[in-house]
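The block underneath contains the structure these notes are about, expressed in structure tokens.
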Amino acid sequence: MTDTTRRALFTALPIGAVGAATIGTQQRPVARTDSASAHLAPVPQQFGAVGDGRADDSDALAAWLAVGAAGTTLRLPSGQYRTTRTLAIRIGGKGRGLAIVGDGAANTMLLMDGSVDRPALRIVGNMPEFDHLRLSGIRIERPDRGMNGLGNGAGLLIENVRQFELDDLRTFRNGYGVHLIGCLVGRIDNLLSYYDRQGIRLEQGKYQSTPNVIAIDNCSILASLRIGVEIVAGTSVSMRGTTIESTGVETPDQRSVGLFVGQSGLAGGVAIDASALYFEDNHGSDIVVDHPDRLLTYGFTRCVFNRFAKSALAPAIVFGSQNGPGAARAFLDLSGSAFLGHGGDYRAVPTRPAVRFDFPRGYAGVRLFDESALYQFDEERPEAEPFRIR
């Protein structure tokens, strides 16, 4: 489906009320730089980098990156920079800011040609001290080692940064495209994740007592092998205008999930307020909300769930506690969302609920907001259930 068609679908949908778990106005990180300062910033070529995609630039890149530890702007010019080990930096000192700016994700590439189980780029902040990070205009890629060659290594691993901004990034063939741990406030904008085992993973830090507040806007998470976006443990997330498509198709695996929302018992669960998301051709469910919090609203308004025949066996949304008793009286807001389906093999499936409420016995206290939602799974099978509690 073309971008023009997607925009037309969003425009045609009725505007639903935003869920009660609204994240509110996001604080924008301040690690910015103007074009003049970026032009004068240190570049890897000053330390001997070649940037042709064949030479091992590991030492030069490490020396260049070390300059940023004190807080500065680093520039990664157009080129293909090959490293055979993880590039790591710790932002040191209170109030430090680090900006790493490429010449655009189409022009600047970091090629991780080392262990598949280690991150390509690791940035560690100085929480709880104030620090901030901006990363822009870079593609992080690994060589093609086949479908079974993807390990656990992230393309970008960021830990314990207080404020961050990621924009115009591409990740390709990583274990995780972007993996954030214990990052307090920030925004991921215009990320393209393709053929990563998992596109984005957000989680709370081990010693963190306050929830993360993160926005994911205008991203495309395509052909993830296992999970498109995973949000766990004490994280409040706002999502807008993001596409999650073809998750698990290459495997294929009915257990794959486009968007997984859950918790792991740290400092609370997950609050999510999502609008104008587009799901298409995901092999398993588009969304799984596991262990929803008591009295919390999970908002997925004005979203499009485009289900193909190959994903007919899985509900578009699974909402409940799959691994034991969960909180009762959780809320799901689908105002203005559309559930679309294609014909063909769909008619061979006896029931395929749009939403399955999956609570153990005695925990089915769930409330659904469903203003003007559209259901077009199969007009020839009106007996198909849009919702079901199991």
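The numbers here are math on the coordinates, done by the rules we state, and not lab data. Only a predicted model underlies this, so the values are computations on that prediction, with no experimental measurement involved. We place every Cβ from the backbone using ideal geometry, glycine too, and count neighbours over all the protein chains shown.
Annotations for the structure displayed:
- Annotation note: trypsin sites (Lys or Arg not before Pro) in the stretch 83-173 located in DSSP loop regions with a Cβ neighbour count of at most 15 within 10 Å are Lys94, Arg145.
- Separation of the Asp144 and Asp117 label points, Cα + 7 Å toward Cβ, nm: 2.6 nm
- Electrostatic bookkeeping for Gly137 treats Lys and Arg as +1 and Asp and Glu as -1; over the other residues with beta carbon under 11 Å from its beta carbon, the sum is +1.
- Derived scalar couplings between HN and Hα for the stretch 106-122 equal 7, 10, 10, 10, 9, 9, 8, 10, x, 4, 6, 9, 10, x, 6, 10, 10 Hz in order, rounded to whole Hz, by the Karplus curve 6.51 cos²θ - 1.76 cosθ + 1.60 (θ = phi - 60°), x for Gly and Pro.
- Between Gln45 and Asp59, the simple label model (points 7 Å from Cα in the Cβ direction) yields a spacing of 2.1 nm.
- Taking a sphere under 11 Å around the Cβ of Ala154 and counting the other residues whose Cβ falls inside, with K and R at +1 and D and E at -1, yields a net charge of +2.
- Residues with amide H under 5 Å from that of Leu74, placed H, sequence gap 5 or more: Ala99, Ile100, Val101
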